[in-house]
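> The structure follows.
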Amino acid sequence: MSLTVVGSIAFDAVKTPFGERERMLGGSAVHFSLASSFFTDVHVVGPVGEDFGEDEYAVLHARGVNTDDIERVPGGRTFFWRGHYEYDLNTAHTDDTQLNVFGDFRPKLSEASRGADVLFLANIQPDLQRGVREQVPNAELVALDTMNLWIDIARDSLLQTIKGVDVVIINDAEARQLTGIPNLIKAARTILSWGPKALIVKRGEYGAALFSENSYFAIPAYPLESVFDPTGAGDTFAGGFMGYLSSQAKLDEAAMRRAMIFGSVMASFNVEEFGTARVQKLTHDEINERFRAFKQMTHFEEIPFQRTAEIAK
Ligand code: AMP
């Protein structure tokens, strides 16, 4: 199985209450690629400028990510994002966005990227997402992410794109904004009525929920005592989720639930250090250990009916 991801490749400047970094490798496609590379073969598609050098490529290559479809624009500069977080790490405040080469990006997928079984449309303009989706007609599983900007300025196009994917992966504020419905359960039902088979709502430090036509599954976030930088947690979640599914022969409800855990496991590592630092040195043993911790953390025994009846007396 192989997976293709299209999205931003960036330099990020980030300030949190626990420190700051002026220029780190980032972008939705980078965080996603690194996370999914633990589970499957990954092709990353996105533009960079001449300032994107050997060190940055090396981070992706060290995880075996195929970078043939990274388009290096002569004379261009790489997308740049500056943001900060208050003590509430769930909300990123954007201070500066410089689109640079991302502004004229028209994704062109190679034969290899078009042949992927799994496709992730990370946060880019929804018309472009649709264009990419059309270039990978045989994908078995297609998911997308988006952001408030596109809900604000390109909602109709986004709705059209959502119709053509299997899974929508967004955060709770985006689900409410997209539907105009404050109740998350009703908002989820509405999004599912537009066509996707499943919806994942990410809720930052409160975990994530999976909605499909006939089921609901929710998990907490892994309880970490020190979170340094939440940037890229959403994309890392999606990378763990989609990467795991790409490795599975059967994409049923049980596999989707395990994928939710792998998504959360990967996101929990990502936030432990700034940028991509933690995921770069992550091992499979650490991933499996945290997967088991999740099982332990969320497991409970059934109470025999007789006993509840006695308590009620
Ligand atoms: P998240 O997973 O939501 O924390 O995504 C964080 C990543 O999104 C950062 O590494 C940024 O480089 C990237 N990003 C921020 N703004 C945009 C944007 N307008 N379009 C695409 N990517 C963005």
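The values are calculated or read from the model by the stated rules, or taken from the named source; none is laboratory data. Computed from a prediction, not measured in an experiment: that's the story for all the values here. Neighbour counts are summed over all protein chains in view; Cβ atoms, including those assigned to glycine, are modelled from backbone coordinates with ideal geometry. Surface areas here come from the heavy atoms of the whole protein model, side chains and all, with no ligands, DNA or RNA. Shrake-Rupley method; radii C 1.70, N 1.55, O 1.52, S 1.80 Å.
> If I filter the range 119-139 for residues that are open to solvent by less than 40 Å² (accessible area, probe 1.4 Å), farther than 28 Å from SER2 by Cβ and either in contact (Cβ under 8 Å) with a residue 60 or more places away in the chain or not in a loop (DSSP other than H, G, I, E, B) (or both), do I get at least one hit?
no
> Further question: State all residues of the range 75-96 that are within 10 Å of the ligand (Cβ to nearest atom) and open to solvent by 70 Å² or more (accessible area, probe 1.4 Å); if no residue qualifies, say none.
Passing the criteria: ARG82, THR94.
> Consider the range 1-34. How many of its residues are over 14 Å from the mean Cα position of the chain (by Cα) and more than 22 Å from ARG133 (Cβ to Cβ)?
The qualifying residues number 16.
> Any chance you could count how many residues in the range 97-108 are part of a strand (DSSP E or B) and at positive phi?
0
> Tell me which residues, restricted to the range 3-15, are away from the ligand (no atom under 12 Å from the Cβ) and either farther than 18 Å from VAL65 by Cβ or at pLDDT below 95 (or both).
LYS15, the sole residue that qualifies.
> Among the listed residues GLY204, GLY240, GLY232, GLY263, which satisfies the condition of being crowded, with 17+ Cβ neighbours inside 10 Å and more than 25 Å from ASP117 (Cβ to Cβ)?
Working: GLY240 fails: more than 25 Å from ASP117 (Cβ to Cβ); GLY232 fails: more than 25 Å from ASP117 (Cβ to Cβ); GLY263 fails: more than 25 Å from ASP117 (Cβ to Cβ).
One residue alone meets the criteria, GLY204.
> Tell me, which strands (runs of 3 or more DSSP E) wholly within the range 148-253 include 3 or more residues that are within 16 Å of the ligand (Cβ to nearest atom), closer than 18 Å to PHE120 by Cα and touching a helix residue (DSSP H, G or I) at 6+ places or on another chain (Cβ under 8 Å)?
Filter on the range 148-253 gives 167-171, 198-202.
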